[in-house]
1. Rg and Dmax in Å for region 1-94, alpha carbons only: what are they?
2. Pull up the DSSP beta bridges for the chain and report the antiparallel fraction as a percent, rounded to 5.
3. Based on the Cα atoms of region 63-110, what semi-axes does the equivalent ellipsoid have, where each is the square root of 5 times one gyration tensor eigenvalue, given in whole Å with the largest first?
4. Would you kindly give the portion of the calculated P(r) for region 232-288 that falls above 17 Å, as a percent of all Cα pairs?
5. If you build a Gaussian network model of the chain, linking Cα atoms that sit under 10 Å apart, which residue out of PRO294, PRO84, PRO256 swings the most?
6. What's the whole-number percent of alpha carbon pairs in the chain lying beyond 33 angstrom?
7. Leaving out ligands, DNA and RNA, and with a 1.4 Å probe, what % of the accessible surface on region 231-322 is carbon or sulfur?
8. If you line up the long axis of helix 328-345 against the longest principal axis of the chain, both from Cα atoms, how many degrees apart are they, to the nearest 10?
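The values are calculated or read from the model by the stated rules, or taken from the named source; none is laboratory data. Quantities reported herein were computed from a predicted structural model and do not represent experimental measurements. All Cβ positions, even for glycine, are placed from backbone atoms using ideal geometry, and neighbour counts span all protein chains on display. Side chains included, ligands, DNA and RNA excluded: accessible areas come from the protein's heavy atoms. Shrake-Rupley method; radii C 1.70, N 1.55, O 1.52, S 1.80 Å.
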Amino acid sequence: MTVDKRYCMSSFLMYRTLVDTSKQFKNNVFSKIPEVSYRRTGVNTSTELEKVLKERVNQATKDGKAAIALSGGIDSAILAKFMPEGSTAYTFKCVVPGVKVTDETEAAAKYADECGLKHKIVEVYWEDFEKFAPKLMAHRNAPIHSIEVQIYKAALQAKADGFERLIYGESSDSIFGGLSGLMSKDWLIGDFIDRYSYVLPYKVLKDAEMVLAPFRRHEKDGYIDPHEFISTEFFPESVGSYIDASEVADFGVEIPFSHAYLKGDLDYRRVRNGENKYLVREIFNSLYKGFEIPEKMPMPRATNEWLKDWAGPTRPEFYAHCTDGMSGDQKWLVMALEMFLNQIDA
């Protein structure tokens, strides 16, 4: 293990994770980055994918100790169809007093009703971030993605209700061509680096480094295949947040889509003609006759509203006003990094 604080800070800002886990922020601070080590099944058709999903849900629910995290999107809606009737579904709802923010509870309720599920709401407040983020960071020994707080709180609520695991629709986008903006064209490597990186380190850190190894691994003739990059580099980082937060709660997690992968090449023509995640769409359309496919939304997190008035970091590693003009999600990454540095220095 090598202490390389500059690398670790830069890597987290760019990728939300430590790309090289042999590097550490500080002596005796060994970051624990979750790995996806289980066997996965290659699929070519929506029928093959549906079989994998149904088997995973059946396995997770056979003892009656599983509930589902149900959003307003098609991925968890598909899994809801395979839940035993009468199962419980939880939907996250971020709450900002006096402000209307993204709310998936109404759309999720329609799926719950269609599938005969009991529907419960997990309300998430800024106070939850203040309360739970330090514990989650202490477990990972690294800063965290904002969704970990919500996953952790949902695990606590489901655990209190007597369940032992939650089923999530996570990973469908990264594995089956769902991130339309990133899939929209053939990317020159430099343009893709600018587009993909969550926060460019040199805009924030006085001592910054561009961590380029993940991009270079997928460069061919000056271009990057976005599906290859996302399904290889983004996929384990995204799944890791669910594994990590559930571990802290001493709670199980099942992510059926992550047990499959797309054999062969992604059909970019279909994706770019408005049919992103086409295998998943086919399953949804066969299971939900008469339902419209909703617009894709990330897991709701009211970071824009919660961090609207945050003045930015004050530690000496950061430039003053470096978060001016940033989105709430970007501000969270900078805030989380500062929180973690404060935590390991305390």
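1. 19.3, 52
2. Counting DSSP beta bridges with both partners in the chain, the antiparallel share is about 25 percent.
3. Values: eigenvalues 117, 27, 11 Å².
After diagonalising the Cα gyration tensor, the semi-axes are 24, 12, 7 Å.
4. For region 232-288, the fraction of Cα-Cα distances above 17 Å is 57 percent.
5. It is PRO294.
6. 27 percent
7. Answer for region 231-322: carbon and sulfur cover 47 percent of the accessible area.
8. That helix lies at roughly 60 degrees to the long axis.
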